[in-house]
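Visitor: My questions all concern the structure below.
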Amino acid sequence: MGAVKAAMGFTLAVGTFLQHLINGLTLGAIYGLIAIGYTMVYGIIRMINFAHGEIYMIGAFIAVTTFTLLLGAGVTSVPLALVIVLAISCTFTAAYGWTIERVAYRPLRTAPKLAPFISAIGMSILLQNFVMLTQGARSKSLPPVMTGGVTLWHDGDFSLGLTNIQMFIILLTVALMAGFTLVINRTALGRAQRACEQDRTMAALLGINVDRTISLTFVLGAGLAAVAGVMVTLYYGVIDFYIGFLAGMKAFTAAVLGGIGSLPGAMLGGLLIGLIEAFFSGYVSSAYKDVAAFSILILVLVVRPSGLLGRPDIEKV
Amino acid sequence: MAAPASTSIPVAHRLRDAGIAGLVAMALAVPFLGLRTVNLDQGLVVQANLAYVPLAGAVVFLGRLVLGLLAAPLAKAVAPLAAWRPPAAAQRLRAWGGPLLVLAAVALPFLPFANRYVIDLGTTALIYILLATGLNITVGLAGLLDLGFAAFYAIGAYTCALTTTQLHWGFWPALVAGGLASSLFAVLLSLPILRLRGDYLAIVTLGFGEITRIVILNWQGLTGGPNGVSGIARPTLFGLTFDRRAPAGGHTFSEVTGIAYAPEHRLIFLYLVILALTALAAYTVARLRRLPIGRAWEALREDEIACRSLGINPTMVKVSAYASGALMGGLAGCFFAARQGFVSPESFGFMESATILAIVVLGGMGSQAGVIIAALFIVVLPELARGFADYRMLAFGLAMILIMIWKPGGLLSGRLPTIRLSNAKPKSVAEAA
Amino acid sequence: MTEPLLDVQGLTMRFGGLLAVDGVDLTAERNRITALIGPNGAGKTTIFNCLTGFYKPTAGRLLLRHPARGPIELQKLKGYGVARTGVVRTFQNIRLFPSMTVLENLLVAQHQALMPRSVFSFAGLLNLKGWRAAEEAAVETARDWLRRLDLLAVADEEAGNLSYGMQRRVEIARAMSTNPLLLCLDEPAAGLNPRETRALAELLVGIRAEHGIGILLIEHDMGLVMDISDHIVVVDHGARIAAGTPAEIRNDERVIKAYLGEPDADDVATAGGGAH
């Protein structure tokens, strides 16, 4: 009797563990997509785009608006709605990304190091309050757009499930990552980006349009952040103007953990941060889950600033 | 830079440029100004205010066009302003500026127009001046960007709250404890992180700020969590309280002085206390700037490698900058707690850190006068234009961007030398050797 | 013969797979100017960076015979600790505190001496007499060096606003204000015109004569090196290939080969041109 109970306890424990794993992977995919924006911008202009979290928030807001409009218009096909929402959110959010670089960062490209960073903080505050003023401070919730899922395992009260949304998030992330790796490794844009990372002046001398490459980097980063925004809207169904701050911090942590400047690093870091958050809130304390994320950020920066997959830089005297 | 080119740019080109900007603005305006999600009982609906879209486009189009045309004359007009350096004579004048300002501030509560409201506003402004004076050491002098300064403010406030409510200390010992606790915290936190480069360091301080807030929010047993701490001891004057009735075994200000009790007395007293604290802090910073430690702070901001080559230990310099800044943040926090009689975690979020940083950045990094002007501006302006209060943070953000583009050092960034050879009298040149 | 002030033995510095400095021996003596020369990329600045505490050498011993503190192994000190022993350097790409005045630059250099006199800043905050005297003395030291380097007129100017040649002089004045034991100059004549170079040579010779300190010099201007050095060490590809008096070095075949065998052989030609 006791043995059966212990066995049941054990399977329950494994089940709970797997559920945290699935939740963590989903969360990690979202963080990873945002982290790519940080890491690409840092790679190319050595600047922390502090406003990138707000870009993601803007993507989520546009998603909510579009979903609501589509529901109002009587669109019932979920795949159609998803395609439209993704397209619209990515387009408009990318326009925001482009404009931010143009307005707040480009004039400061040769300024002292902290100036563009402070400008980015200003941009973050500006965007947050812009959205709060135009859309209201109250949180926005959507009716569930995507429902259902598969039950992987069922035992008494406990069931281990993978929802359709989670599947959608994980699969879309994998597809985007694959496509993105191709873009960076195989296309002229990717080559131009890598050239600018190495030496901007030299790249310009060789006929690469540096301004356009940097602009495109912001556009791409914003597009991925918009996808993350759509995902989070689907996943939680509730957003507010403040979500960009925490998500941005965690995604930045992911980028640093993976090694800032490294694309696979950003994705790896995102997954790790998602998993750590899921397990920490599952097993330790959900009130302190953000403390865990921030502590990791501090620890990584202090102990290994080059991250897991990054290269250390040598101080030039 | 743009000045000579702008005369040669044809109008057609300008129109096209402004047109593109206008179109982009319209596109950006659609999802936020044009469409507004509204929470109704039956759920979310979208309201269309599409008239805003062409409006935004037109504003940006005209703004871009006018700015483009005015850029050259404007740049010419403000060039002397931007290049303005305080003349040498200003240094002598400056010696009088501080005391005069303090005198004027002391007189304020006794002026005819001073009512509760004005005194309260002055107290708030002074708290921000004290906070920004502290942060200015770290950011303006030592060049270490700190995005979590509200943590030191919070630690000062909670130290004061807990020592007076749990240990029944008076305000004055609690004030000292608050400053020291904050400073000690800064030393402990900063030691491991000071090897980090500028922007990484800033992010880590942001992390510390958030951790502090989350811990305060969740450590219910000690801090009361989201409910905060109330019943914090009020400041006393040599043991005299400003209550209507004396506490058991104590005396009130009106009993001893014979001045009839008035509730304003407490406000005026609080105002004078924070004024004294702030004036002392400002004086201390002005003195420190001329001491080896202050010069080392500035040298560190200028070039850390050169500092090391002269035998200066960068870690000690950074720790001292953090600790001194945090000390003032802690004092301000302690005063804040005693003034409100109540503290809760929501006063110490990232937006508070950002506000204090905005004061330092806008005023001019390293400049005490800049801090005073920016703090007054930020506290008083929303009161003058009530409708402005909602737009305050929006305006901060915008101002931070614009000032970084126009004057990366801040508005009053002209640095006054701490010493002049021409003022130092030469020793009689009767040397040996 | 007295033992040299600085004794470097087997200095090796490796960056990952790159061997930048390979077992270099070097000495520097008081009242002498020692020059460190070699083609571009030979590892001279890396040697300086090891010597002045900016890099931790992979191997080797850097022994400083300090008159008061006895023998000190520099490689065991923290970066800023080396300067505190009196080994003070300048930089190839000048590193001043650009928005501070020239005088302030020189006062920052006296931080080590002034800090204890300000008694953790308390004496300074209270403006006590002992502190005031210490500060006046520091200003006098600064004034002396400003006078010697002809910088008195610009003492209250922001260092970053000065001409290149003046900035080089400010950097030397700043290093000398620390009252050093060994002055390490990284290409002090780079970017100077012939007149300024001559003045620099006179200055260095004067310092050697009056201050009893050692001078270690990296320089490409062969005219300057040959004129004022007492001892020359030549490095190439991270290794020491020759050492001796200027006359010996001039005729050393390995040195000639190192310079002429390199693609940037014009180095020695242009540098030699400076002598005339």
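Each reported figure results from applying straightforward, stated rules to the coordinates on display, with no laboratory input. These figures come from a predicted structure and were not determined experimentally. Note that each Cβ is placed from the backbone with ideal geometry, even for glycine, and that neighbours are counted across all protein chains shown.
Visitor: Under 5 Å between amide hydrogens, which residues at least 5 positions from C:L216 or on another chain qualify, with H placed 1.01 Å from N in the peptide plane?
Guide: Close amide H contacts, sequence-distant or interchain: C:T34, C:L183, C:C184, C:L185.
Visitor: Then there is this: Using a 10 Å cut-off on Cβ to Cβ distances, tally the other chain neighbours for every residue of C:54-64 and report the average as a whole number. Please list the in-between numbers first.
Guide: Working: counts 6, 3, 0, 0, 0, 0, 0, 0, 0, 0, 0.
Counting other chains' Cβ atoms within 10 Å and averaging over C:54-64 gives 1.
Visitor: Another question, then. Hey, how much of the P(r) for the protein assembly as shown falls beyond 36 Å, as a percent of Cα pairs? Walk me through the intermediate numbers first.
Guide: Working: 318291 of 525825 pairs.
Distances greater than 36 Å cover 61 percent of the Cα pairs.
Visitor: Now for a different question. Can you give me the distance in nm between label points at C:R132 and C:R147, each placed 7 Å from the Cα along the Cα-to-Cβ direction?
Guide: My value for the distance between the label points is 2.3 nm.
Visitor: Right, next: Towards the positive end of the charge dipole of region B:159-301, with charges on Cβ (+1 Lys, Arg; -1 Asp, Glu), say which of B:C160, B:W219, B:G294 has the farthest Cα.
Guide: After comparing all options, I get B:G294.
Visitor: If you keep only loop residues by DSSP, which chymotrypsin sites (Phe, Trp or Tyr not before Pro) in region B:141-244 have at most 15 other Cβ atoms within 10 Å of their Cβ? Display every interim value, and only then the final one.
Guide: Values: sites: B:F149, B:F152, B:Y153, B:Y158, B:W169, B:F171, B:F185, B:Y200, B:F208, B:W219, B:F238, B:F242; in loops: B:F149, B:W169, B:W219, B:F238, B:F242.
Listed in order of number, the matching sites are B:W219, B:F238.
Visitor: Using the 4.7 Å Cβ rule, please list in number order the cysteines from the protein assembly as shown without any candidate partner.
Guide: A:C90, A:C196, B:C307, C:C50, C:C184, each lacking another Cys Cβ under 4.7 Å.
Visitor: Another one. Could you give the nm distance between label points at A:R106 and B:F113, where each point is 7 Å from its Cα heading toward the beta carbon?
Guide: Output for this residue pair reads 4.6 nm.
Visitor: Taking beta carbons within 10 Å but only from partner chains, what does the mean come to for residues A:285-296? Mind dumping the intermediate values first?
Guide: Details: counts 1, 0, 7, 6, 1, 5, 8, 1, 3, 10, 3, 1.
Taking all residues of A:285-296 together, the mean is 4.
Visitor: Now a separate question. Place a label point 7 angstrom from the Cα of A:S139 along the Cα-to-Cβ direction, then list the residues of region A:60-83 whose backbone nitrogen is under 16 Å away.
Guide: A:60-61, A:64, by backbone N distance to the label point.
Visitor: A follow-up question, please. Find out how many positive minus negative residues lie around C:L51, taking Lys and Arg as positive, Asp and Glu as negative, among other residues whose Cβ is under 11 Å from that of C:L51. All intermediate terms of the calculation are to be shown ahead of the outcome.
Guide: Values: positive: C:K44, C:R89; negative: C:D186.
Around C:L51, the surrounding residues sum to +1.
Visitor: Rounded, prolate or oblate, given the Cα gyration tensor of region A:1-93, with a/c below 1.5 counting as rounded?
Guide: Here region A:1-93 falls in the oblate category.
Visitor: So how far, in whole Å, is the C-alpha centre of region A:214-287 from the one of region B:251-288?
Guide: 49
Visitor: Check which residues have an amide H placed less than 5 Å from B:G311's amide H, if you skip close sequence neighbours.
Guide: Under 5 Å from the amide H of B:G311 lie the amide H atoms of C:A83, each far enough along the sequence or on another chain.
Visitor: How large is ³J(HN,Hα), in whole Hz, for each residue of region A:33-43 in order, when computed from phi with the Karplus curve 6.51 cos²θ - 1.76 cosθ + 1.60 and θ = phi - 60°, using x for Gly and Pro?
Guide: 5, 5, 4, 4, x, 4, 6, 5, 5, 5, x
Visitor: Can you show me the helix-derived [θ] at 222 nm for the protein assembly as shown, built from DSSP H runs with n ≥ 4 at -39,500 (n - 2.57) apiece and divided by the number of residues, rounded to the nearest 500. Please report the intermediate quantities before stating the final value.
Guide: Working: 40 runs with 619 residues, N = 1026.
Helix contribution divided over all residues of the protein assembly as shown: -20000 deg cm²/dmol.
Visitor: Same structure, new question: Please turn the phi angles of region C:55-72 into ³J(HN,Hα) values with the Karplus equation 6.51 cos²θ - 1.76 cosθ + 1.60 (θ = phi - 60°), one per residue in order, whole Hz, x for glycine and proline.
Guide: Karplus values, whole Hz, x for Gly and Pro: 10, 8, x, 5, 8, x, 10, 10, 9, 10, 8, 7, x, 9, 9, x, x, 10.
Visitor: A further question on this structure: Pick from A:I44, A:I125, A:I55: which residue has the top mean-square fluctuation in a GNM of chain A where Cα pairs under 10 Å get a spring?
Guide: Sorting by GNM fluctuation, first place goes to A:I125.
Visitor: Right, here's the next one. Which residues' amide hydrogens lie under 5 Å from the amide hydrogen of C:A242, considering only partners 5 or more residues apart or on another chain, with H built in the peptide plane?
Guide: Answer set, sorted by chain and number: C:V234.
Visitor: Could you work out the relative contact order of region B:94-406, using alpha carbon pairs under 8 angstrom and six or more residues apart, expressed as a whole percent?
Guide: In percent, rounded to a whole number, it is 35.
Visitor: Let me see the P(r) profile for region B:170-246: every Cα-Cα distance counted, bins of 5 Å, each bin given as a percent of all pairs.
Guide: In order of increasing distance, the bins hold 3, 12, 14, 16, 17, 13, 11, 7, 4, 2, 1, 0 percent.
Visitor: For C:R208, what is the net charge nearby, where nearby means another residue's Cβ is under 13 Å from its Cβ and Lys, Arg count +1, Asp, Glu -1? List each step's numbers first, then the result.
Guide: Details: positive: C:R30, C:R32; negative: C:E29, C:E202, C:E210, C:D227, C:D230.
Spelling it out: positives minus negatives among the neighbours equals -3.
Visitor: Now for a separate question. If a/c stays under 1.5 just call it rounded; otherwise compare a/b with b/c (prolate if a/b is bigger, oblate if not). Do that for region B:2-82, with a ≥ b ≥ c from the square roots of the Cα gyration tensor eigenvalues. Write out the running numbers ahead of the final one.
Guide: Details: a/c = 5.23, a/b = 2.57, b/c = 2.04.
Since a/c reaches 1.5 and a/b is larger than b/c, the shape of region B:2-82 is classed as prolate.
Visitor: Relative contact order for chain C: what percent, with Cα pairs under 8 Å and sequence separation of 6 or more? Don't skip to the answer; put the middle values down first.
Guide: Details: 500 pairs, mean separation 72.5, N = 276.
Worked out over chain C, it gives 26 percent.
Visitor: Which of the peptides B:133-143, A:190-200 is most tightly packed, and how do the rest follow, going by the mean number of other Cβ atoms within 10 Å of each residue?
Guide: Values: B:133-143: 27.5, A:190-200: 17.1.
Highest-to-lowest ranking by the protection proxy: B:133-143, A:190-200.
Visitor: While we're here: Leaving out same-chain residues fewer than 8 places away, which lysines sit with a Cα under 22 Å from that of B:K318?
Guide: Answer for B:K318, where 22 Å is the Cα cut-off: A:K113, A:K316, C:K78, listed by chain and number.
Visitor: If you take every residue apart from B:F113 with its C-beta less than 15 Å away from the C-beta of B:F113, what net charge results, scoring Lys and Arg +1 and Asp and Glu -1? Before the final figure, lay out each step's value.
Guide: Details: positive: B:R116; negative: B:D120, B:E264, B:E383.
Cβ neighbours under 15 Å give a net charge of -2.
Visitor: Here's something else I'd like to know. Does chain B come out rounded, prolate or oblate by the C-alpha gyration tensor, with a ≥ b ≥ c the root eigenvalues, rounded set by a/c under 1.5 and, if not, prolate when a/b is larger than b/c and oblate if not? Don't skip to the end; give the middle numbers.
Guide: Values: a/c = 1.68, a/b = 1.20, b/c = 1.40.
Since a/c reaches 1.5 but b/c is at least a/b, the shape of chain B is classed as oblate.
Visitor: Across region B:268-279, in residue order, what do the Karplus-derived ³J(HN,Hα) couplings come to in whole Hz, using 6.51 cos²θ - 1.76 cosθ + 1.60 with θ = phi - 60° and x for Gly and Pro?
Guide: 5, 4, 4, 4, 5, 5, 5, 5, 5, 4, 5, 4
Visitor: Report the semi-axes of the equivalent ellipsoid for chain A in whole Å, largest first, where each axis is √(5λ) for an eigenvalue λ of the Cα gyration tensor.
Guide: On the way: eigenvalues 241, 120, 66 Å².
Semi-axis lengths for chain A are 35, 25, 18 Å.
Visitor: Roughly how crowded by other chains is peptide C:84-95, in terms of the mean Cβ count from those chains within 10 Å of each of its Cβ atoms?
Guide: Details: counts 4, 1, 1, 2, 3, 4, 2, 5, 1, 2, 2, 8.
Neighbouring Cβ atoms belonging to other protein chains average 3 per residue here.
Visitor: Turning to a different aspect of this structure: Going through region A:212-317, which trypsin sites (Lys or Arg not before Pro) have at most 16 other Cβ atoms within 10 Å and a DSSP loop state? Before the final figure, lay out each step's value.
Guide: On the way: sites: A:R212, A:K250, A:K289, A:K316; in loops: A:K316.
Passing sites in region A:212-317 are A:K316.
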